[in-house]
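One structure below.
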Amino acid sequence: MRSRAEVDATLQTAKVNPAELLPVVHCLSFGPQAAAGECCLLQLEPGLCAEIEAGCSLVIRGEKDEQAVLCSKDKTYDMKIADTSNMLLFVPGCKTPEQLNADQASCNIIHSQIAGFSNNYWELRRCRPKLKKLRKLLMQNPYGGPDSQKDQASTFSKYTTEDLLSLIQASEEEILHHLQVIDARKIEGYWRILEFDYEMKLLNHVIQLIDSESWSLKKVPLRTCLEELGSLEPTEMIEHILLSYGRKYFDDGEVYFEMHEDKICRAIAQMLLQNAVKFNLSEFQEVWQQSVPEGMTTRLDQLQGLALVDRSSRPETIFLLKVEDLPEGNQERFNSLFSIREKWTEPDITPYIQDLCAEKQTTGVLLTKYARCSMQNGVKVYNSRRPISKQILF
Amino acid sequence: MVQIVISSGGPGALAQWVLLELQGQLEPRRSGALGGSVLGDLHYTHEGVPVLIVGHHILYGKVVQLEKPFAVLVKQGAKEPGAEEPGAEEPGAAGPDVSYTVTALIKTKLLFKTRPKPIITNVPKKV
């Protein structure tokens with residue numbers, strides 16, 4: 001180990017005036033394991049440092065063919081290895097000038113061992129959690145009700161929360177939140193999505209009951225629903241459909257639901273539209289309005305992200321196009337949209353790209369990046385930046 | 001799917017290390033392992049400027065508070081039969097037992113970006 005005398009001799013050779021320096025010197029050498037490469041550096045985004053200091057863990061997730069992501073308890077980050085042409089040495093026990101000035105210790109040599117070195121580090125960038133797979137997994141085996149033949153004989157996997165954490169590249173909170181968004185429900189410990197037909201059957205029971213009891217759509221009593229419908233369907237399913245299509249509230253100790261007009265109209269539209277490739281728009285609008293509960297009004301804007309109107313055809317038509325069926329990646333999503341339709345107006349395309357927006361990003365930014373703008377009949381339209389082959393619609 | 005846990009180790013506050021960033025690569029004077037070799041002397045001026053004397057060079061740097069701190073990760077768990085290369089680790093290539101522990105946090109770095117000034121000597125002074 002170097003001595004003070006050796007340090008001073010080096011200073012003299014280097015022609016550095018010791019009077020200009022703080023009295024403490026760090027003699028740096030390489031620790032025995034420094035070259036073993038056991039340590040690596042992870043650059044932390046704001047907030048992650050505080051989480052780690054509080055004792056939280058992070059998890060890196062990814063299949064062999066997927067780009068790895070890092071998840072905290074509620075956020076997901078893309079991971080990349082960043083190379084630098086500089087050498088990064090990590091030194092334990094090395095003090096900064098402030099620390100030295102504050103600590104009036106008597107020693108004036110600190111022997112510090114370099115624990116490791118690297119010329120790269122892991123870099124993180126906040127990203128959208130990869131949740132499309134979640135819906136896909138649950139759709140492999142949708143729940144068709146207790147009488148459904150499929151469920152008893154099913155060879156398809158069912159997934160618990162733990163299973164999902166090991167399959168989806170997202171944080172736990174993001175997964176749980178998305179399960180709520182897609183109206184999934186835990187049945188016998190497994191997360192299930194309802195088969196659409198079964199869901200409509202349940203919804204229909206509730207709508208018929210509301211009608212026959214002449215209840216206000218804003219005040220549907222849970223207790224009576226369970227009493228009246230309990231013989232037809234499991235009570236958990238009746239409660240589930242009310243939770244999916246209504247807002248729960250308490251009044252005088254009783255549970256009531258205020259039914260979501262938009263969500264109900266939207267579901268009924270889906271039920272109508274899924275039966276054909278496309279519909280005559282005005283015919284559809286008429287049938288649709290007649291099919292929704294008394295007191296509800298249908299509006300085309302309820303169908304954003306679900307159906308697309310073609311105003312260029314004669315007569316005008318409407319067809320089912322669900323945003324959740326489209327690709328998850330930005331470029332792939334735009335390619336898919338442009339192969340369905342060559343030119344889009346902003347109001348038409350926005351519902352189909354809204355979910356691509358990162359935190360604080362707007363659809364306008366996405367359009368600038370992935371589309372080319374032009375004017376058509378005085379209206380601003382967007383088309384692809386590159387030639388796209390037209391998709392053949394089934 | 002691979003799940004690699006990065007845990008923050010046992011109870012108690014995490015150690016605070018410092019990063020030293022140098023231009024170029026280091027070459028040991030003696031061939032063989034770097035472990036045990038001396039790097040050099042690190043001084044600070046009264047104004048807080050770090051001064052590093054490495055071999056025949058003197059480097060002046062600056063203390064930088066990192067906007068994005070680093071966590072120093074140490075790999076835990078079973079090694080693969082064919083030993084992995086040190087340095088850059090591919091998360092996807094890890095075995096099922098691999099996890100990492102955060103051994104320290106780095107919030108400060110000493111950045112030496114200026115060209116090293118050579119120390120011209122005739123004869124090293126014998127002590």
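All of the numbers you see were taken from the coordinates with simple rules; none came from a lab. These numbers were taken from a predicted model, which means no experiment stands behind them. Neighbour counts are summed over all protein chains in view; Cβ atoms, including those assigned to glycine, are modelled from backbone coordinates with ideal geometry.
Before moving on, here are some points about what is shown:
- Filter result (at negative phi and either surrounded by fewer than 13 Cβ atoms within 10 Å (Cβ to Cβ) or part of a loop (DSSP other than H, G, I, E, B) (or both)) within the range A:346-361: A:347, A:353, A:357, A:358, A:359, A:361
- Options A:52, A:60, A:81; residue that is in a helix (DSSP H, G or I) and either closer than 30 Å to residue A:165 by Cα or touching a Phe, Trp or Tyr at 6+ places or on another chain (Cβ under 9 Å) (or both): A:52
- Applying the set (1) among the aromatic types (Phe, Trp, Tyr); (2) more than 8 Å from chain B (Cβ to nearest Cβ); (3) closer than 27 Å to residue B:50 by Cβ to residue A:77 leaves exactly one unmet item: (3).
- Total residues in the range A:53-106, condition among the β-branched types (Val, Ile, Thr) and surrounded by fewer than 18 Cβ atoms within 10 Å (Cβ to Cβ): 2
- Within the range A:5-35, considering residues that are surrounded by fewer than 16 Cβ atoms within 10 Å (Cβ to Cβ) and under 26 Å from residue B:69 (Cα atoms), the one farthest from the other protein chains (Cβ to nearest Cβ): A:33
- Taken over the range B:37-50, the criterion of being in contact with a Gly (Cβ under 8 Å, 6 or more places away or on another chain) and either part of a strand (DSSP E or B) or closer than 12 Å to residue A:114 by Cα (or both) is satisfied by B:40, B:50.
- Those helices (runs of 4 or more DSSP H) of the range A:146-214 in which at least 1 residues are hydroxyl-bearing (Ser, Thr, Tyr), considering only elements entirely within it, cover A:161-165, A:196-213.
- Some residue of the range A:331-345 being under 20 Å from the mean Cα position of the chain (by Cα), exposed (fewer than 14 other Cβ atoms within 10 Å of the Cβ) and without any contact (Cβ under 8 Å) to a residue 12 or more places away in the chain: yes
- Among residues of the range A:85-124, those that are assigned to a strand (DSSP E or B) and over 42 Å from the mean Cα position of the chain (by Cα), counted: 5
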